[in-house]
Amino acid sequence: MNRFRRQLFSGLFALIVATLAALWLDARFHTLANYAFLTGWVLLAGMFVLTIYNVRKKLPFLPLGKSETWLQIHIYLGFFTTLLFLIHLNFHLPRGGFEITLALLFVLVSGSGMVGLFFSRVLPRRLATRGGEVIFEKIPALRHGLKGEAETLALGTEAKSPVIAEFYAKRLADFFSGPKNFWRHLVESRRAASALVAGLDDLRRFANDADRAKIEKLTALVRQKDGLDYHRSLQLSLRLWLFVHIPLTYGLMIFTVLHIVLVFGFSGGAR
Amino acid sequence: MPDAPTILERPQRWDAAFDANMTDEDVNRLLFTAPFSGMDGGKFPKRTPLREIIRNDMRILKFRKGEIIMRQGDYGTSAFLILQGAARVVLKPDLAPSLLGRQATGKKGVFLTLAQLLNRSRAPEVLPRPILGQSSGVSARQNENETRVFLQDVPRILDRHRTAQMTAGEFFGEIAALSRMARTSTIFADSDDAELLEIRWQGLRDLMKYDDALRTHINKIYRERALASYLRATPLFKNLSKEQLDRLAESVEFATFGDYDWSGEYKRLAQSGSVRPEKEPVIVGEGDYPNGIVLLRAGFARISQKFGSGERTLNYIGAGQIFGLNEIAHNWHKKDAAVNMQFSLRAIGYTHLLIVPTRVMEEIVLPSLPKGELPPPIEKVAGDFDSAPPETAAREKVGAEVLEFLTENRFFNGTATMVIDLDRCTRCDDCVRACASTHDNNPRFLRHGPSAGRLMIANACMHCADPVCMIGCPTGAIHRESFAGQVVINPATCIGCKSCFNNCPYDAIRMVEVRDVRGEFLVDQEMKPIAKATKCDLCVENHGGPSCERACPHGALTRMNLNNLDSLSKWLKR
């Protein structure tokens, strides 16, 4: 069994054990008067460990272990705290604006984490299969270069084909103007680029030899641009979820602290 | 009408002389100096006459007392002959790294590591004054067009180290130059009028080829100083007695293949996309009679097999590895069913090797091996890929595409190559950020590079087994942290000459303009920015290993010795 499959199985096993343990504890201690405090404090401890993973990332020069190990712990603990969160809520929807906001933040942080996990397990393989590896930050410059090349071919001083110029103005100008088909690429649809290539293919009927060569080059440029859009779409998705996950984590932690203060304030700190 | 082609004289070997200032008087003087005075000019071919070898492959250098001629651990491409004055070799103990312009070794302590949190500057590549002005025990002086590093306190060195003086007529540095091994000693000028003749390796190779006395002299030195200990340490010869080892040492032949300065040529070929195994010098041809086993002493070689109209790579081997043992052992066992060489061996870049003749193998070595250590007889003959013996089974381990990719790009040179699994890499750049955080806010690599399938070799220093970047550093700033250790640059002694930057065939070294603590660029008296060479140092000062590898959340990045394909195969099959 390879390492990643082993990680997956050990993760699933840990999750099942944690679920059974949590459910048993829930059944066993549910009647305790301070049960909500117990689950709350355990939940807070779990959330704290989850949050400090980002601190580990900021201190790469300290010998704090491999980020890979931290991520595995982060994932398993993330599932566990989600379960604990439901137990803490007693499997009921919260009431009141503050509690609803707190719960919503938890759901969003947890949900974005799961989306991130799904993306990070699925999208890299798709990017590698597609090929044409490109650094995300270089995509705008490369796209600009392709646009310039396409414009010169279709509209430049040496371009003499009104058919190509018209097709460019109507269909290609917008395609080359910026990133396109974000969602289509994410769901692996090639329809948009195929339509453009088919349109260029149709132009061959009206083209002489010189124009056919230009159409070939334009087709190649469309494919390159489509490849860039594909990389942008998937690489952006691999980054965007973090822009939800991390800021909301800080919001969640602030609301959690306020929640503790309020709970203790209104319970008199008796427990 | 097409433009007329530009007509040039075909480039020749001596288009660029070692020293363009060598005069007829210099050459005449050297022709009357030993050992050249004893050489028979008639034995040299017309295309490479002795006079022209002296004029084009040699240069006369003058050193003042204390100036370092060569440093232990450096890689040099030339040998030296003392013409006048004296030089001194440091025997024991070795000089401290700081005296050779190198960085003080060792990991950062807990406090220094934690202090990194507070001391981090916002601007990249900030060099505080204490680093630039650190007292290293050496100083540099400009001598004509060259920078010379000199030892500041020679009497103290003489007092604390065992040394030996060498005088006019003595040779040194020839073994390291010919075998492309690290220099084994530090030598400095021992008189103010020291005059040395530096002979680049091409010239030395030709002199040895056409002058029997020099060849015998250098071979004798090689056998005495380097060969005996090397053979003793080779596992294949572990059962031999002293007498047998002596006989073996006497019968071993030396050979060099390929181009010593392969990095420049390789860069050119790689850019034109014409790196082809068929163009590499053949050491042993497929189908040849097995004349002996080949022991690689330095460099790399490709094991290939004819396939269609080309050659397909089966494996590559590096220093310490053996080729041809299977065929010789087979023929020793089955004299009536002898086979020829099953595969070709071709030099990649530069290869220095030893050949143990078949006769000696059959008489001494093979009988000394226990049955279990003898390779099994070859069952099938060439042309059948399944007949590949275990050492050529790399193709099956990592796949044909990956093997060709690693060989074409010469990545096997890397002992700590940054390998990225694109199936796992989320392109999050945590590795880049970790590197920048650890190294003055400037990442020392690019998370991009050539790829084959799911494998990408990032543009990071690979800490090569054959570090061509270390050839020619005038101050010793680029050096190995320890023998066969990480290749690092000491910013205090780097003078920004770009020698390593130009030599690196993998473009893994970058020149950066350094800043002061305020973030302002440091400039010289002419207001030109001061540049230093930077590259990955494998986080040699930090605990826990390279931060890039530790920072990868998905286990997609690793630092790996690509000379061992087993680890790559295991990693890919995780």
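The values are calculated or read from the model by the stated rules, or taken from the named source; none is laboratory data. Quick caveat: nothing in here was measured; it's all calculated off a predicted structure. Here the Cβ positions follow ideal geometry from the backbone for every residue, glycine too, while neighbour counts run over all protein chains shown.
Things worth noting here:
- Residue match in region B:239-258 (condition: under 26 Å from B:Gln72 (Cβ atoms) and assigned to a helix (DSSP H, G or I)): yes
- Verdict on B:Gly545 being touching a residue at least 40 places away in the same chain (Cβ under 8 Å), out of contact with any Pro (no Cβ under 7 Å at 6 or more places or on another chain), under 18 Å from B:Met418 (Cβ atoms) and within 10 Å of chain A (Cβ to nearest Cβ): no
- Unique residue being modelled with pLDDT under 95, more than 26 Å from B:Thr426 (Cα to Cα), in contact with a helix residue (DSSP H, G or I) (Cβ under 9 Å, 6 or more places away or on another chain) and part of a helix (DSSP H, G or I) when the list is A:Ile246, A:Ile215: A:Ile215
- Check on A:Arg205, farther than 19 Å from A:Thr129 by Cα and assigned to a helix (DSSP H, G or I): yes
- Residues (of a type in the set (A, V, I, L, M) and either at pLDDT below 80 or in a helix (DSSP H, G or I) (or both)) located in region B:168-181: B:Ile175, B:Ala176, B:Ala177, B:Leu178, B:Met181
- Tally of residues being of a type outside the set (Gly, Ala, Ser), surrounded by 15 or more Cβ atoms within 10 Å (Cβ to Cβ) and part of a loop (DSSP other than H, G, I, E, B) across region B:491-501: 5
- Any hit, region B:529-540, residues being part of a loop (DSSP other than H, G, I, E, B), more than 10 Å from every other protein chain (Cβ to nearest Cβ), more than 30 Å from B:Ile317 (Cβ to Cβ) and modelled with pLDDT under 95: yes
- Residues in region A:123-177 that are under 30 Å from A:Leu240 (Cα atoms), away from chain B (no Cβ under 14 Å) and among the hydroxyl-bearing types (Ser, Thr, Tyr): A:Ser177 alone.
- Among the residues of region B:548-572, those that are at the interface with chain A (Cβ under 10 Å from one of its Cβ atoms), crowded, with 20+ Cβ neighbours inside 10 Å and outside any loop (DSSP other than H, G, I, E, B) comprise B:Cys548, B:Glu549, B:Arg550, B:Ala551, B:Leu557.
- Qualifying residue in region B:459-482 (condition: within 22 Å of B:Cys548 (Cα to Cα), within 14 Å of chain A (Cβ to nearest Cβ) and either modelled with pLDDT of 85 or more or surrounded by 17 or more Cβ atoms within 10 Å (Cβ to Cβ) (or both)): yes
- Residue in region A:78-100 that is within 14 Å of chain B (Cβ to nearest Cβ), touching a Leu at 6+ places or on another chain (Cβ under 9 Å) and either of a type outside the set (Ser, Thr, Tyr) or closer than 22 Å to A:Ala21 by Cα (or both) present: yes
- Restricted to region B:439-458, and to residues there that are facing chain A (nearest Cβ under 10 Å) and more than 28 Å from the chain's Cα centre (by Cα), the residue that is nearest to B:Val126 (Cα to Cα) is B:Arg454.
Let's see how each residue does on (1) charged (D, E, K, R); (2) under 30 Å from A:Gly116 (Cβ atoms); (3) modelled with pLDDT under 90:
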{"position": "A:Trp183", "(1), (2), (3)": "no, yes, no"}
{"position": "A:Val187", "(1), (2), (3)": "no, yes, no"}
{"position": "A:Val197", "(1), (2), (3)": "no, no, no"}
{"position": "A:Leu200", "(1), (2), (3)": "no, no, no"}
{"position": "A:Asp226", "(1), (2), (3)": "yes, yes, no"}
{"position": "A:Arg239", "(1), (2), (3)": "yes, yes, no"}
{"position": "A:Phe255", "(1), (2), (3)": "no, yes, no"}
{"position": "A:Phe264", "(1), (2), (3)": "no, no, yes"}
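- Subset of region A:52-79 (residues that are of a type in the set (Phe, Trp, Tyr), modelled with pLDDT of 90 or more and surrounded by fewer than 19 Cβ atoms within 10 Å (Cβ to Cβ)): A:Tyr53
- Matching residues in region A:57-105 - criterion: being among the basic types (Lys, Arg) and assigned to a helix (DSSP H, G or I): A:Lys57, A:Lys58
- Hits in region B:502-531 (condition: under 24 Å from the mean Cα position of the chain (by Cα), closer than 22 Å to B:Pro124 by Cα and crowded, with 22+ Cβ neighbours inside 10 Å): B:Ala508, B:Ile509
- Selection status of B:Arg122, assigned to a loop (DSSP other than H, G, I, E, B), surrounded by fewer than 12 Cβ atoms within 10 Å (Cβ to Cβ) and modelled with pLDDT under 80: yes
- Selection status of B:Ile199, β-branched (Val, Ile, Thr) and at pLDDT 85 or above: yes
- Number of residues in region B:175-195 that are surrounded by fewer than 22 Cβ atoms within 10 Å (Cβ to Cβ) and in contact with a Leu (Cβ under 6 Å, 6 or more places away or on another chain): the value is 1.
- Scanning region A:7-21 for residues that are of a type in the set (Gly, Ala, Ser) and under 29 Å from the mean Cα position of the chain (by Cα) yields A:Ser10, A:Gly11, A:Ala14, A:Ala18.
- Some residue of region A:53-75 being in contact with a Leu (Cβ under 8 Å, 6 or more places away or on another chain), within 14 Å of chain B (Cβ to nearest Cβ), closer than 21 Å to A:Gly113 by Cα and basic (Lys, Arg): yes
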